[in-house]
Amino acid sequence: SVQEFMTFTSQLIVERSGLGSRASVKEQEYLCHVYVRSDGLAGVVIADNEYPQRVCFTLLDKVLDEFSRQVSKVEWPSGSPATISYAALDTYLSRYQVQPPRD
């Protein structure tokens, strides 16, 4: 499924990225933008080739900064969507989603 692809690919890219790094990796027809902060917190945005790279990294900066303020660092290694509530993610995703043109 798409969710499995995104989860697997994200985990693999984060594991292969060093602390404090940013990278964009092509996977199938997508670009996966990864940011691993120096404290080990990481995020991945999966987008099509047309979505601006700069915007992806801006989104990652904002999401990771806010997440690190709201969620204790102790929870990061063992946390999951089932155990950590981070409602702001949905707001960010809808704000940064490209809206189709209206007729």
Requested in this report: Find the centroid of the Cα atoms in the range 56-70 and in the range 33-51, then give the distance between the two in whole Å.
Outcome: 10
Requested in this report: Leaving out ligands and nucleic acids, note down the accessible area per residue over the chain with a 1.4 angstrom probe, in whole Å².
Outcome: 70
Report summary line: Carbon plus sulfur, as percent of the 1.4 Å-probe accessible area of the range 2-96, comes to 53
Report summary line: Counting Lys and Arg as +1 and Asp and Glu as -1 over every other residue whose Cβ sits under 12 Å from the Cβ of Phe5, the net charge comes to -3
Report summary line: Of 30-42, 51-63, 86-98, ordering from highest average Cβ density within 10 Å down gives 30-42, 51-63, 86-98
Requested in this report: Extending each Cα 7 Å along its Cβ direction at Arg54 and Ser72, get the distance between those two points in nm, one decimal.
Outcome: 4.0
Query raised in the report: List the GluC sites (Glu not before Pro) in the range 1-96 that DSSP assigns to loop (not H, G, I, E or B) and whose Cβ has at most 11 other Cβ atoms within 10 Å. Which are they?
Result: Glu29, Glu50
Query raised in the report: Under a point spin-label approximation (7 Å from Cα along Cα-to-Cβ), what is the Ser80-Gln28 distance to one decimal in nm?
Result: 2.2
Query raised in the report: Want the number for Ala87 to Val2: 0.36 nm per residue separation, take away the alpha-carbon distance, what's left?
Result: 28.4 nm
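The values are calculated or read from the model by the stated rules, or taken from the named source; none is laboratory data. Please read these numbers as outputs of a predicted model, since none were measured by experiment. Note that we place each Cβ from the backbone using ideal geometry, even for glycine, and neighbour counts take in every protein chain shown. Quick note on the areas: whole protein, heavy atoms, side chains included, nothing else; ligands and nucleic acids left out. Shrake-Rupley method; radii C 1.70, N 1.55, O 1.52, S 1.80 Å.
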